[in-house]
Amino acid sequence: MCDTDTTERRPVIRVVDLVKRFGGRAVLNGINLEVHPGETIVIMGGSGCGKSTLLRHMVASLFGDEGRVELLGQNLNDLNESGLNALRLRFGILFQSGALFNSMTVGENVALPLREHTGLDEQTIDIMVKIKLEQVGLREAADLMPSEISGGMKKRAGLARAISLDPEILFYDEPSAGLDPVTSAEIDQLIMDLSGKLGVTSVVVTHEMDSAFTIADRMAMLDMGRMLKIGPRSEFEALRDGPETGDETGDLIRQFLRGDPEGPITARRLSTGYEEDILATAGE
Amino acid sequence: MAEVENPVRNVRWLDPEKKIVLLEAVGEVDLHRSSAFQKALLEPLSRRPQRMIVDLSGVSYMDSSGVASLVKLLSRVRRDNVDLRLAGLTPRVRSVFEITRLDTVFNLYPDVQEALDS
Ligand SMILES: Nc1ncnc2c1ncn2[C@@H]1O[C@H](COP(=O)(O)OP(=O)(O)OP(=O)(O)O)[C@@H](O)[C@H]1O
Ligand SMILES: [Mg+2]
């Protein structure tokens, strides 16, 4: 928190020419992305396009074959394990599943990072756990085991744990997937409060378009390992609400944003050789 | 390791009977400094003040460990019947109280003068 004016204006996250191959196939194929202090950026794209993979590179759990990721001014490729661990204390992650430890109560899950990474006394930690659980509306669930709470509550517990160390950056992978509309709106509100009131920088991967358009300052559309478009929310709104233009990229993004059953995305799927494939299977 | 700076810069008893104590906190109250912060907050209580004012106008950043320290103080002063008043929170620090929903739990005043007068 000793940011001077110069670091305040530097991007918090920079992804530069990032390439990642799995078994020879490029899942990320030259990704560039900058995230600025305090903003919420939403990353969208079809299933399997590489969103989670990109996120995992930003949180130093995967490393690219080419290019680099810089977090809070540091190139992740240059850091050793202790350097990475120090950096990991400065961001929080809400995983797709919530990722709680099943052998611990909800409260113990939230307390864990505080016990492991701070020298705070137990009483202060207990107060902080209560504060975090209240923030996500789960104070009453502190003594329950993960197996005793619903999926939505697990997500919120995961979020309480992700914010236990007051991170500067929060990464969310599908924060509202599988949640009822009210709980999902509550999560959106939390994301916005954390960024609006505390200045936390947020990177959110989501399929939920309502949520995306509610929380995003900027949006990024990923497609087959490439960044199709990055821009302010207003540009994506204009694209969603505007007419078809015949521009392949624009129309593809529009179909995705609207969830239309027909358009460039589905046309692409139809032209992937289903006929030859199934006839070959039939032994033709 | 550099010695941890105490965020409480100044402790002043404002009246001859020593009923009102003013603590002036400065800088950043974060994980590294919250233990020192707690210690300094609890110290004047041994002299049994009636009112304790914590001037937070010089605090540029406070994380939830700092807020937790103040909660700890609050539970102590409630027990000892001390009137705790927090004064001069900057918008950024106030936000931390709001997001943790503690802005209604503490008595907050715009500045020290108001905390003294009301
Ligand atoms: N560890 C891995 N080994 C091999 N292939 C992987 C690995 N992780 C991901 N992939 C592949 O990379 C592609 C992108 O996966 P990723 O999980 O990033 O997609 P996604 O955009 O998050 O999809 P979804 O919206 O379904 O969560 C997929 O084809 C996936 O099978
Ligand atoms: Mg995914």
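With axes computed from alpha carbons, what is the tilt in degrees of helix A:181-198 against the longest principal axis of chain A, rounded to the nearest 10 within 0 to 90?
The answer is roughly 70 degrees.
Using the Cα gyration tensor of region A:82-137, with a ≥ b ≥ c the square roots of its eigenvalues, what is the shape: rounded (a/c below 1.5), prolate (a/b larger than b/c) or oblate (neither)?
Oblate.
At what distance in angstrom do the alpha carbon centres of region A:113-157 and region A:165-181 lie from each other?
Between the Cα centre of region A:113-157 and that of region A:165-181, the gap is 15 Å.
For chain A, with only Lys/Arg (+1) and Asp/Glu (-1) charged at the beta-carbon, what is the dipole magnitude about the Cα centre, in debye rounded to 20?
Value, rounded to 20: 440 debye.
Tilt of helix A:122-135 relative to the longest C-alpha principal axis of chain A, in degrees (0 to 90, nearest 10)?
So the inclination is approximately 40 degrees.
Given an 8 Å cut-off on Cα distances and at least 6 residues of separation, report the relative contact order of region B:8-117 as a percent.
The normalised contact order for region B:8-117 reaches 25 percent.
Tell me the Rg and the Dmax, in Å, that the Cα atoms of chain B produce.
For chain B, the Cα-based Rg and Dmax read 13.2, 43 Å.
Compute the relative contact order of chain A as a whole-number percentage, counting only Cα pairs closer than 8 Å that sit 6 or more residues apart in sequence.
Once normalised by length, the contact order is 22 percent.
Across peptide B:20-31, how many C-beta atoms of other chains are within 10 Å of each residue C-beta, on average?
For this peptide, the per-residue mean of nearby foreign Cβ atoms is 1.
Defining a contact as two alpha carbons under 8 Å apart and six or more residues distant in sequence, what relative contact order in percent does region A:1-160 show? List each step's numbers first, then the result.
Numbers: 202 pairs, mean separation 31.1, N = 160.
Contact order relative to length: 19 percent.
Can you classify chain A as rounded, prolate or oblate using the Cα gyration tensor, where a ≥ b ≥ c are the square roots of its eigenvalues, rounded means a/c under 1.5, and otherwise it's prolate if a/b beats b/c and oblate if not? Can you show the working numbers first?
Working: a/c = 1.73, a/b = 1.54, b/c = 1.12.
In terms of gyration-tensor shape, prolate.
Dipole magnitude of region B:8-117 about its Cα centre, charges +1 at Lys/Arg Cβ and -1 at Asp/Glu Cβ only, in debye to the nearest 20?
Computed about the Cα centre, the dipole is about 460 debye.
Would you mind pulling out the separation of the Cα centroids of region A:242-284 and region B:35-100, in Å?
60 Å
For a paramagnetic label modelled at 7 Å from the Cα of A:Arg68 toward its Cβ, which residues of region A:41-58 fall within the zone defined by backbone nitrogen distances under 16 Å?
Flagged as within label range: A:58.
With unit charges on the beta carbon (Lys/Arg positive, Asp/Glu negative), name the residue among B:Ala87, B:Gly66, B:Gln38 whose Cα is farthest towards the positive pole of the charge dipole of region B:8-117.
B:Gln38
Mind checking the mean number of beta-carbon atoms from other chains within 10 Å of the Cβ atoms in B:97-105?
3
Placing unit charges on C-beta atoms (Lys and Arg positive, Asp and Glu negative, everything else neutral), compute the dipole magnitude of region A:200-284 about its Cα centre in debye, rounded to 20.
It works out to roughly 420 debye.
Could you give the angle, 0 to 90 degrees to the nearest 10, between helix A:106-117's Cα long axis and the longest principal axis of the Cα atoms of chain A?
Taking Cα atoms only, the helix is inclined about 80 degrees.
Calculated from DSSP H runs of 4 or more alone, at -39500 (n - 2.57) each and per residue, what is the 222 nm mean residue ellipticity of the protein assembly as shown, nearest 500?
-11500 deg cm²/dmol
Read-outs: derived from the displayed coordinates by stated rules, not from any lab. Everything quoted here is computed from the prediction, not taken from an experiment. Don't worry about glycine lacking a Cβ; one is built from the backbone with ideal geometry, like all the others, and counts go over all protein chains shown.
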